[in-house]
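In what follows, a structure is listed as structure tokens, so that the remarks can point back to it.
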Amino acid sequence: MTRRRVLAAAVFIAAISVLSCSGGPAVTAEIMNHSYSRPDEVVTTNMFLDLDVDFDREVISGTAAFDIKNKTGADKLYLDTWALRIVRVTLDGDTEETSFELGDSLPVFGRPLAIDIKPHTKMVMVQYETTADARGVQWLKPVQTAGGKHPFLYTQSQSILARSWVPCQDNPGVRITYDARVHVPAGLMALMSASNAKEETADGVYEFSMPQPIPSYLLALAVGDVEYRAISDRCGVYAEPGMVDKAAWEFADMEKMTELAEEMYGPYRWEQFDVIVLPPSFPYGGMENPRLTFATPILVAGDRSLVSTIAHELAHSWSGNLVTNGTWSDFWLNEGFTTYFERRIMERLYGRGRSEMDAMLGLKEFEREIAEEPDSLDTALYIPLGQRDPDEELGWAPYEKGYLFLRLLEERYGRERFDAFLTRYFNTFAFQSMTTEKFVSYLKKELFEGNEKVMKELKVEDWIYKAGLPDNAPRPKSDRFEKVEAQAAAWVKGKPASELRTKDWSSQEWQHFLSKIDQPIAAERMASLNAAFDFSSANGEVQRSWLLKVIENKYEPAYGELETYLVRVGRRWLVRPLYTKLAETDDGMFLARKIYRRARPGYHSVTVSTVDAILRWKG
Ligand code: BES
Ligand code: ZN
């Protein structure tokens, strides 16, 4: 049983006892779009949050007040919750108390909160607290931060974790504007996916406003000892004091990226574009919270080698945050468009050579996935999730197959027409959600101009609904990778590492090199390789490629480095392959479990559930 299932079971038992105390009938759970909310009946339009962040108890408590629109004269408002303690609910102010019921808990979805409302109710206020099982909140001890002195908190709401820290209609098809007031201990800053302060306040009270309507998965909060550095009038970084200048240097191209993005696809609509560098347990490379991208500190590599993730999160300001996947099965509409857009930004800034290397590395990852399970619909663009948890790792199809599909359209119609089409798409559907079906009909009408034959010619249905990669997929090409392959081949044949031509290689080239030397390597050659190129102090992505070699070749001198890495880094995409590789042998499994025992308490819940499954972890 995964940790998540254990938690769900515990909540389920709690649900039964609550229901039997109240004696009322169980709320019937109707799940649509991974949510209990019924926005066709009653929809929330605006929220005011008043929250207190208590680091001693590790609890967020307060109220969420919603403006609602009752479309059908319904007598209940349904909200999603996960392991929340609901204290009290009032209507149209804070005095008129109303009855409510929490339904049974289901794994993945949590519990529906059914609130009794009147036909004329305009506002519903929920007083609540988070509990220790809040999957979307990570509380960090001072030792888990760069500074080591202050605690830190961050939330991660995508895909369906917002409900674990705010009761809400946790459905990407519903958008709300919001304002918030957050109380934190003096000396710490609170930041949200909204307008943010640039300096600490004396009393620890912060006020926020998000006037553009957003889906719940973009609700975000971070609290810690951070400072701000401006890069331009509208771009800047927040990070812990010891990191903030390095981060400002690393991301100095943010303003340029934003200008290039605007040139291609129209105005940036969120006013501010800042990044907060989080502690290394953050389970993603980046998360596109509006106005304030959340990022792993691994991106602060010292040589701007990993800034494509910043371009990626920026691109989501159009694809995702402006035009939003209607359901989690349509995730490729967020990620595929964003990967395409990211590479267009990277190409404009650093040249086609760089963006093609990124595309090749992405394609290789995706091809590996296809090879593992050729018939899996996880390699289709539209992934029929049903009741599956969208926070499981869904793989690279939404990103890489999505990217290639858009590139196919670009190559068929030319950049000028395709860019005009995309700009029109973003403008037409701004602040709305989009499904795959709706997109295809827009595509047929606007780009194919009603020419049905193009659907067949381009194999659109195969791309979207079938597993694998259609044979008309564009092929990224990189001369630089060809040179890298020649050097890898020479090394495999015995040429000493110190004689290879590796001058000015980028981290993409190093990753490619390491993936190309995949035959058994003796310990002395591993040692001379690392002596020549010092992979142990390379950026976190290259270091991961090196550590995969360390595991494959049972290179014990680097086991200490492997352990340090796995204990420090919580980004799921980086640690998952290392644990997977370790789990392939008995010795490796033993070592993995030993390391994981130390690492697990510092990981975020989404990384924990992935690694628990790989290591069949029972505690
Ligand atoms: N929105 C995603 C992160 C995400 C995906 C969170 C699914 C929760 C569920 C973000 O934009 C993303 O794609 N991040 C990538 C980086 C990117 C450059 C591939 C990551 O974290 O690796
Ligand atoms: Zn993304």
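The values are calculated or read from the model by the stated rules, or taken from the named source; none is laboratory data. If you're wondering where the values come from, they're calculated on a predicted model, not measured in any experiment. Quick reminder, even Gly has a Cβ in these numbers, built from the backbone with ideal geometry, and neighbours come from all protein chains shown. Ligands, DNA and RNA are stripped out before the accessible areas are found, and what is left, the full protein with its side chains, is counted by its heavy atoms. Shrake-Rupley method; radii C 1.70, N 1.55, O 1.52, S 1.80 Å.
Here are the numbers for this structure:
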read-out	value
Number of positions in region 537-547 that are in contact with a helix residue (DSSP H, G or I) (Cβ under 7 Å, 6 or more places away or on another chain) and either surrounded by fewer than 17 Cβ atoms within 10 Å (Cβ to Cβ) or without any contact (Cβ under 8 Å) to a residue 24 or more places away in the chain (or both)	1
Of the criteria (1) under 19 Å from L218 (Cβ atoms); (2) more than 16 Å from ligand 1 (Cβ to nearest atom); (3) in contact (Cβ under 8 Å) with a residue 60 or more places away in the chain; (4) not charged (D, E, K, R), which one M287 fails	(2)
From G395, G402, residue being out of contact with any strand residue (DSSP E or B) (no Cβ under 7 Å at 6 or more places or on another chain) and open to solvent by less than 10 Å² (accessible area, probe 1.4 Å)	G402
Positions within region 513-570 being of a type in the set (V, I, T) and outside any loop (DSSP other than H, G, I, E, B), in sequence order	V542, V550, I551, T564, V567
Close pairs from region 304-316: first hydroxyl-bearing (S, T, Y), partner within 11 Å of ligand 2 (Cβ to nearest atom) and in a helix (DSSP H, G or I), Cβ under 8 Å, at least 6 apart	S308/E342
Residue check, I276 part of a helix (DSSP H, G or I) and either more than 14 Å from ligand 1 (Cβ to nearest atom) or open to solvent by less than 10 Å² (accessible area, probe 1.4 Å) (or both)	no
Criterion (under 29 Å from G286 (Cβ atoms) and assigned to a helix (DSSP H, G or I)) met by exactly one of R593, R576	R576
Output for region 490-502, where each listed residue is within 14 Å of I521 (Cβ to Cβ) and either in contact (Cβ under 8 Å) with a residue 60 or more places away in the chain or not aromatic (F, W, Y) (or both)	V492, K493, G494, K495, P496, A497
Test: residue in region 72-79 that is in the same structural domain as V53 (by TED's automatic domain parsing) and surrounded by 24 or more Cβ atoms within 10 Å (Cβ to Cβ)	yes
Cβ pairs under 6 Å, 6+ apart, first in region 568-585 and within 11 Å of ligand 1 (Cβ to nearest atom) and among the hydrophobic types (A, V, I, L, M, F, W, C), second open to solvent by 10 Å² or more (accessible area, probe 1.4 Å) and in a helix (DSSP H, G or I)	L574/R544
Residue list for region 475-499, restricted to those being open to solvent by less than 60 Å² (accessible area, probe 1.4 Å), assigned to a loop (DSSP other than H, G, I, E, B) and under 26 Å from S355 (Cα atoms)	P476, S478
Some residue of region 405-416 being under 30 Å from R269 (Cβ atoms), in contact with a helix residue (DSSP H, G or I) (Cβ under 9 Å, 6 or more places away or on another chain) and among the aromatic types (F, W, Y)	yes
Members of region 370-388 found to be surrounded by fewer than 19 Cβ atoms within 10 Å (Cβ to Cβ), of a type outside the set (A, V, I, L, M) and within 18 Å of S329 (Cα to Cα), listed by number	D375, S376, P384, G386, Q387, R388
Matching residues, region 308-333, being farther than 21 Å from Y382 by Cα, part of a helix (DSSP H, G or I) and more than 10 Å from ligand 2 (Cβ to nearest atom)	S308, I310, A311, L314
Residue that is nearest to ligand 1 (Cβ to nearest atom), among those in region 303-327 that are hydroxyl-bearing (S, T, Y) and in contact with a Lys or Arg (Cβ under 9 Å, 6 or more places away or on another chain)	S308
Residues of region 92-130 satisfying the condition of being acidic (D, E), under 17 Å from G73 (Cβ atoms) and outside any strand (DSSP E or B)	D92
Flag if R388 is under 21 Å from I345 (Cα atoms) and not assigned by TED's automatic domain parsing to the domain that holds R576	no
Residue within region 264-272 that is within 13 Å of ligand 1 (Cβ to nearest atom) and surrounded by 22 or more Cβ atoms within 10 Å (Cβ to Cβ) present	no
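Per-residue answers, yes or no, for (1) within 12 Å of ligand 2 (Cβ to nearest atom); (2) open to solvent by 30 Å² or more (accessible area, probe 1.4 Å); (3) touching a strand residue (DSSP E or B) at 6+ places or on another chain (Cβ under 6 Å); (4) not in a loop (DSSP other than H, G, I, E, B):
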site: T293; (1), (2), (3), (4): yes, no, yes, yes
site: A301; (1), (2), (3), (4): no, yes, no, no
site: E335; (1), (2), (3), (4): yes, no, no, yes
site: T339; (1), (2), (3), (4): yes, no, no, yes
site: E342; (1), (2), (3), (4): yes, no, no, yes
site: E347; (1), (2), (3), (4): no, yes, no, yes
site: M357; (1), (2), (3), (4): no, no, no, yes
site: R368; (1), (2), (3), (4): no, yes, no, yes
